[in-house]
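Take a look at the structure set out below.
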Amino acid sequence: MATTADQLPPAATLLNGQQSMMATSNGQEQQQEKEQEQQVVISKSTSPKPGAMPSLKLIKMGSVSQKEKRVYKIVLTGGPCGGKTTGQSRLCTFFENLGWKVFRVPETATVLLSGGVKFSDLTEKEAYKFQENLIRTMVQIENTYFELGNSSTRNCLIICDRGVMDASAYISKDKWEKMMAGNKWNPVEMRDNRYNQILHLVSAANGAEDFYSTEDHACRSEGVDLARELDYKSAAAWVGHPYFDVIDNSTNFEAKMNRMIESVCQKLGIDIGDRLQATSRKLKYLVAALPADSEFPPFQDFDVVHHYLQSAGPKVQARLRKRGQKNHWSYIHTQRRPNVHGQARIEVKTQLTHRDYMNLLAQRDDAHFTIYKKRRCFLINNQYFQLDIYKEPGHPRCKGLVLLETYSSLTGDALKNCMPKFLNIVKEVTGDPDYSMFNLSLKEDWSISKKFCRTATHANGVSSTPLVLNGQ
């Protein structure tokens with residue numbers, strides 16, 4: 001028998017379909033963290049071998065066993081006529097050719113609206129309830145595919161045609177917050193922990209107006225101006241996700257699709273050779289001072305804590321990251337490996353449970369300070385930025401430090417024109433070891449420290465873009 005939205009389990013239960021859902025409540029977690037941090041200090045002499053990860057296996061590319069199998073969940077979002085349908089097809093073909101199993105989660109809104117629903121016919125109360133049920137239905141549909149991915153014996157890519165945060169683009173901020181509170185949803189779980197990567201395909205109405213059309217979509221009727229507005233709102237809904245990529249219309253459509261595939265492959269650590277042109281690189285800038293909040297476009301602020309860990313060798317860096325809002329947290333273990341055979345250095349990123357995070361704190365490296373930051377994420381000129389504002393306690397060298405980061409394939413005037421004009425950018429510090437977080441966290445003076453890393457910059461002064469592996 002079919003299940004209706006009203007018969008679904010409570011909304012808080014639905015969100016448990018993701019792998020990274022925390023097992024304890026916030027109050028229990030905070031108490032557990034305090035208790036375990038005390039235990040960590042006592043047990044350092046008996047901590048695991050440096051570099052070891054208790055009850056956790058880092059994922060490497062290669063032969064696929066059930067333990068090493070990867071399930072990677074992405075969201076394709078964006079305004080009308082951005083290329084999401086074609087993008088799904090291209091990603092599906094590309095990854096199936098690599099031997100992956102690919103699931104495509106249908107757009108829930110299209111499924112429901114194609115049944116005769118018209119927003120113009122709904123009362124305000126009906127529209128609110130429709131959006132709420134849409135989200136609950138979307139979560140249930142996604143969970144079905146997520147479970148299929150987990151049970152598959154092959155590497156699995158799950159492509160979601162929009163995700164739960166997209167609903168916030170079609171409802172007022174007050175109603176969205178009311179809906180979130182009423183269902184005990186929180187953005188860290190719904191936005192950051194639920195999906196591995198967000199790809200925003202910018203609408204043709206923004207930069208490729210000659211190609212904007214609504215003829216091929218039965219549920220689409222937006223004009224160019226409304227399409228631009230919806231495109232911005234759908235992007236703003238995902239600001240704050242740690243792996244959010246904006247695929248704009250700065251190239252032709254074929255190159256746009258290649259950039260989308262390239263972005264996914266980079267995050268997964270898949271070597272694509274010369275099949276696609278690798279263009280995007282990480283850029284870092286020193287900012288003189290933080291302007292008033294009113295100068296910023298809509299933004300999301302996060303508390304971020306980094307701990308460097310003891311590592312297996314002098315050229316390997318390992319760290320923990322705790323990132324959250326309002327006491328809701330996500331946890332990541334990162335291991336940075338050295339260049340091998342001239343290839344770009346590799347970062348292996350693994351999402352952790354709270355328990356794994358607490359266990360790994362036993363491997364903290366006493367040669368480093370804990371790094372505390374406020375991370376501000378915002379979108380401007382179709383470019384996604386992260387502003388790291390260093391906080392105390394920490395080394396005096398970090399006092400007042402503000403660094404801006406972005407990923408971009410733009411150069412020259414095109415890059416300059418998309419930079420936030422309201423920030424006083426002192427200089428670019430991409431690849432400068434003086435602004436490496438690893439070096440900034442060192443307790444010793446750099447002039448005498450044997451751990452100071454001087455290999456962040458190539459001979460041409462440009463840092464290589466890390467290849468990021470997101471382990472499951």
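The values are calculated or read from the model by the stated rules, or taken from the named source; none is laboratory data. The model shown is predicted, which means the values in this text are computed figures rather than measured ones. Backbone-built Cβ (ideal geometry, glycine too); neighbour counts: all protein chains shown. Note: areas computed on protein heavy atoms with side chains; ligands, DNA, RNA excluded. Shrake-Rupley method; radii C 1.70, N 1.55, O 1.52, S 1.80 Å.
See the values below:
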quantity: Dipole magnitude of the stretch 89-157, debye to nearest 20 (Cβ charges: Lys/Arg +1, Asp/Glu -1, about Cα centre); calculated: 220 debye
quantity: Tyr128, Tyr384, reordered so the largest accessible area comes first (probe 1.4 Å); calculated: Tyr128, Tyr384
quantity: For the stretch 86-234, diffusion coefficient by Stokes-Einstein and Kirkwood Rh (Cα), 20 °C, 1.002 mPa s, µm²/s; calculated: 125 µm²/s
quantity: Cα centroid separation - the stretch 113-178 against the stretch 353-393, whole Å; calculated: 30 Å
quantity: Relative packing of 162-174, 194-206, which averages over residues the other C-beta atoms within 10 Å, highest first; calculated: 194-206, 162-174
quantity: Unsatisfied cross-links (Cα-Cα over 20 Å) in the set Lys256/Lys284; Lys101/Lys256; Lys326/Lys391; Lys129/Lys178; Lys349/Lys451; Lys73/Lys374; calculated: Lys256/Lys284; Lys101/Lys256; Lys349/Lys451; Lys73/Lys374
quantity: Cβ charges +1 (Lys, Arg) and -1 (Asp, Glu), total dipole of the stretch 71-268, debye; calculated: 660 debye
quantity: The stretch 71-268: relative contact order in percent, alpha carbon pairs under 8 Å with at least 6 residues between; calculated: 35 percent
quantity: Solvent exposure ordering (accessible area, 1.4 Å, most first) of Arg336, Arg104, Arg70; calculated: Arg104, Arg336, Arg70
quantity: Within the stretch 327-447: Cβ-based charge dipole about Cα centre, in debye rounded to nearest 20 (Lys, Arg +1; Asp, Glu -1); calculated: 340 debye
quantity: HN-Hα J in Hz across the stretch 387-393 - Karplus 6.51, -1.76, 1.60, θ = phi - 60°, x for Gly and Pro; calculated: 10, 9, 10, 6, 10, 8, x
quantity: Ranked packing of 289-296, 304-311, 427-434, most packed first, by mean Cβ within 10 Å; calculated: 304-311, 427-434, 289-296
quantity: Under-5 Å amide H pairs with Arg70, H placed in peptide plane, nonlocal only; calculated: Asn155, Cys156
